[in-house]
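Structure, as C-alpha cells:
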Amino acid sequence: MLFASLNLGRHLFASRTLLARRPAQGALAVAVIATLLSVALAPDASPSAWDWTRIALIGAFGAGAVLLFTMAQAPDVDDVDRQQRLVITGALVAISIVLNLSFNLGATVVFSIGITVVALVSGVDRNLRSSWLVAAVLIAAIPLWVWSALQAWTWRLLLLLPLAAIATVTHGHMRSATRSTPRLDSLLSIRAHRLGSWAGILGSGLLALLVGTLTSAANGVVALGAIGAMALVALEAGTSGGSGCGARWSVAIVDIALCWIALCWIVSL
C-alpha cells in the first residue's frame, strides 16, 4: 500500500535513464558477480535455496534503494518526487535489514555500513562518474557481508579494505596517465602517474603476500595473485598508453590486475 501511494512504479520506470549509463551498469554487474563469487567461495558453507533467495532479495532491494537515493539527489528533481524517492529508499533499506536479521546480527551490521557508504559515494557523485570508487566499495563490502551471513567470517577478509583503498588510488593514477587532455594543475607527469599505478599494483600483491605469510592463508594462491599482477604490469608497460584504444587497454589491464589480487586473496582463505 505504501509503495502504491508513492507511485513506486513511476519512480522505478524513471530510473531507466540512470540504468542506461554505462557506469551504473558496470556497478550493477560488479555487485552481481561479487555476490555470486562470494557465495561460491565461502569456506565450509553450503547455502540452501532459501539462503540464495534471501541474498538475492537483499541485493535487489539494496540496489533499488541506492538507485532511488541517487536519483533523489539530482538537481532537477522537484521536492515531491525527492521526498517520495527518499521514503521508498528508507522502506527498501528497512526490508533489507529485516531479511539480514534472518541471517544474523553481524551480516546486518556489515550490510548497513556497506549500503551507507555506497549510497554516500553515489549521492555525492551524482552521475556515477567515479565508477571505480563504487566498484571498489562493492568488491570490498560484498564478501564481508555474504561471508558474515553464511557464518564463514574470518578476520583476514578485512585485508580487502586496504586493497580497495589502494586500488582506488591506483586506478586514478592510470586514468590521469591516459587522459586525452592532461590536467594543467596536476602535480605529477604522465610517466609519474603510470609509475604510481604500477607501484599500487605491485604494492597490493606484496601486501597480500606479506599477510598471507604471517597467517594461514594458502600462500600458493596468494603467490599466483602476485605473479599474475606482475605479468599484467609488464603487459601494461608494453602498451602504447596515451589516448584512444591504448588508453582503454591500459585502464582495463590495471583494473584486471587489481581484481585478480583481490580474487586470489579470497580464494586463499
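Every number in this text was worked out from the coordinates using simple rules, so none of it is lab data. Small disclaimer: the values here were computed from a predicted structure and weren't measured. No Cβ is skipped: glycine too gets one built from the backbone with ideal geometry, and neighbour counts run over all protein chains shown.
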Env charge @ Leu99, Cβ radius under 14 Å, K,R +1 / D,E -1, value 0
By Cβ neighbour count within 10 Å, fewest first, Ser38, Ser204, Ser189, Ser48 rank Ser48, Ser189, Ser38, Ser204
The extension gain from Leu105 to Arg21, computed as 0.36 nm times the residue separation minus the Cα-Cα distance, is 26.7 nm
Once Thr154 and Val77 are pulled to full extension, the length gained, defined as 0.36 nm per residue separation minus their Cα-Cα distance, is 23.4 nm
Expressed in nanometres to one decimal, the distance between label points 7 Å along Cα→Cβ at Ser48 and Leu161 is 3.2
Looks like segment 77-124, by Cα gyration tensor root eigenvalues a ≥ b ≥ c and the a/c under 1.5 rounded cutoff (else prolate when a/b is bigger than b/c, oblate otherwise), is oblate
Taking 0.36 nm per residue of separation between Ala40 and Leu206 and subtracting their Cα-Cα distance, the length gained on full extension comes to 57.2 nm
Nearest-0.05 FRET efficiency for Ala29 and Ala231 at R0 = 25 Å, using Cβ-Cβ distance, is 0.50
The size of the Cβ-based charge dipole (Lys, Arg +1; Asp, Glu -1) of segment 19-115 about the Cα centre, to the nearest 20 debye, is 140
Evaluated at 4 °C and 1.567 mPa s, the Stokes-Einstein D of segment 19-120 based on the Kirkwood radius over Cα pairs, in µm²/s, stands at 88
